[in-house]
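Following: one structure in structure tokens, then a few remarks.
The values are calculated or read from the model by the stated rules, or taken from the named source; none is laboratory data. Bear in mind that the values here come from a model prediction, so they are computed numbers and not experimental data. Heads up, the Cβs are rebuilt from the backbone with ideal geometry, glycines too, and the neighbour counts pull from every protein chain shown.
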Amino acid sequence: MSALLSLAVSGRRVVFVGGGRVSARRARSYVDEGADVIVVAPVVDVELRALIDGGLVTWIDGFVSPTHLDGAWIVHTATGDPAVDLLVASWADERRIWCINAGSGTDGSARSVATARAGEVTVGVSSAHGSDPRRTRAICDALADHVSTGGVDLRRVRRGSAADGRVVLVGGGPGDPDLLTVRARMALAQADVVVADRLGPRTVLDDLAPGVEIIDVGKTPHHHPVPQEEINRILVDRASRGDVVVRLKGGDPFVFGRGGEEFVACREAGIRVEVVPGISSALAVPAAAGIPVTHRGVARGFLTVTGHEAVDDDALALMRGGRTTVVVLMGVAALPLIVERALASGVDEALPVAIVENGTTAEQRSTRAPLSAIVGAATRVGVRNPAVIVFGEVARFGLLDPILAPAHLSAIPAAREAEDTRR
């Protein structure tokens with residue numbers, strides 16, 4: 001029975017005997033770890049030649065002798081000749097140097113372990129009997145993938161000092177937990193504390209490991225029970241205790257999510273902070289309703305604004321131009337004022353508008369109407385937040401087919417008041 005060890009090789013000599021592809025592949029990993037790599041071989045592979053030419057590996061041109069092992073911590077032999085490899089292994093054994101005999105699953109005092117990095121964790125797999133590199137690599141990659149996607153509790157058991165605390169601003173996407181990124185799931189698996197918004201993938205909170213502290217700081221329009229300054233204080237306070245704090249936000253942290261303010265607050269307090277981008281609802285929610293925010297021949301750009309303040313003159317000018325999509329987030333309450341200003345500024349009353357509520361979730365609903373009728377349509381069906389409002393010709397998409405050709409757009413009645421569809 002063998003024991004797996006993780007060896008620190010930085011600055012230590014590792015000798016490779018043989019200059020073929022096996023040596024080249026494994027030498028690269030030792031170079032990446034900072035080892036002093038020496039290759040002994042009369043001929044070297046093109047990959048090894050690149051490392052040698054780059055000054056990352058020292059090449060001894062010739063056949064191996066016992067003195068080449070002097071000063072080594074690890075010897076790796078892969079000459080292609082079993083007798084030579086066995087001889088090198090015996091020299092290493094006499095000198096009490098760990099030796100990996102790549103040509104044999106039983107000879108040699110050490111074995112290469114298939115490894116893969118999964119965030120802060122390195123996964124390693126070794127065969128218990130003999131050598132089967134393809135099998136161990138496949139198992140290792142599968143395990144690393146499981147870890148990377150948040151399938152394992154990655155919280156530290158041996159707690160560090162206050163200096164180990166950090167904040168991770170995680171963009172949770174528009175609501176469907178399947179739209180969380182792999183990096184976001186890993187951050188949640190490492191979290192000691194999760195500070196969660198009202199929007200975003202709330203169901204993932206149920207999957208957190210027991211003992212993870214969940215702090216709900218959700219806001220609704222005109223009701224902020226936990227002010228932004230208090231949220232900033234919570235992040236700094238928990239991280240100062242040495243906790244890994246995930247700030248789980250809807251959409252992307254830096255798209256109307258006040259993530260920039262939280263980032264600055266942490267930095268000013270000396271707290272390490274990182275950002276995990278998320279899929280913005282400004283793009284994902286229209287797409288889920290079959291609405292491309294840009295489309296060749298229809299819309300050549302888009303503008304994203306918040307509805308907490310009336311749409312400004314620049315946005316209204318783009319609406320009048322007809323070639324730019326205007327996407328409004330958090331705009332349900334301001335919709336009547338937006339429409340009033342748009343009509344007063346000369347925006348075509350037939351401009352298509354779509355409102356998509358609870359985008360990407362099972363409760364998704366779309367309401368569509370021309371600009372002049374959208375307020376009435378929204379009132380009749382009881383549109384509520386969270387919702388994304390799309391102003392522009394692309395808002396016609398999704399009525400018949402999410403992928404309509406531009407030539408077909410004129411076939412859709414411009415005066416149609418509303419389309420109410422449930423997924």
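Key figures for this structure:
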{"item": "Selected residue [at pLDDT below 95, part of a loop (DSSP other than H, G, I, E, B) and charged (D, E, K, R)] from Arg183, Arg198", "result": "Arg198"}
{"item": "Qualifying residue in the stretch 215-228 (condition: in contact with a Leu (Cβ under 8 Å, 6 or more places away or on another chain), among the small types (Gly, Ala, Ser), surrounded by fewer than 21 Cβ atoms within 10 Å (Cβ to Cβ) and not in a strand (DSSP E or B))", "result": "yes"}
{"item": "Scope the stretch 155-178; condition within 28 Å of Val264 (Cα to Cα) and modelled with pLDDT under 75; matching residues", "result": "Arg155, Arg156, Arg159, Gly160, Ser161, Ala162, Ala163"}
{"item": "Qualifying residue in the stretch 17-34 (condition: assigned to a loop (DSSP other than H, G, I, E, B), touching a residue at least 60 places away in the same chain (Cβ under 8 Å) and surrounded by 14 or more Cβ atoms within 10 Å (Cβ to Cβ))", "result": "yes"}
{"item": "Elements of type strands (runs of 3 or more DSSP E) in the stretch 315-423, at least 1 residues being at pLDDT 95 or above and more than 37 Å from the chain's Cα centre (by Cα)", "result": "365-370"}
{"item": "Subset of the stretch 57-67 (residues that are more than 23 Å from Asp32 (Cβ to Cβ) and out of contact with any helix residue (DSSP H, G or I) (no Cβ under 7 Å at 6 or more places or on another chain))", "result": "Asp61, Gly62, Phe63, Ser65, Thr67"}
{"item": "Positions within the stretch 295-345 being over 20 Å from Pro386 (Cα atoms), surrounded by 13 or more Cβ atoms within 10 Å (Cβ to Cβ) and aliphatic (A, V, I, L, M), in sequence order", "result": "Val298, Ala299, Ala315, Leu316, Ala317, Leu318, Met319, Ala342, Leu343"}
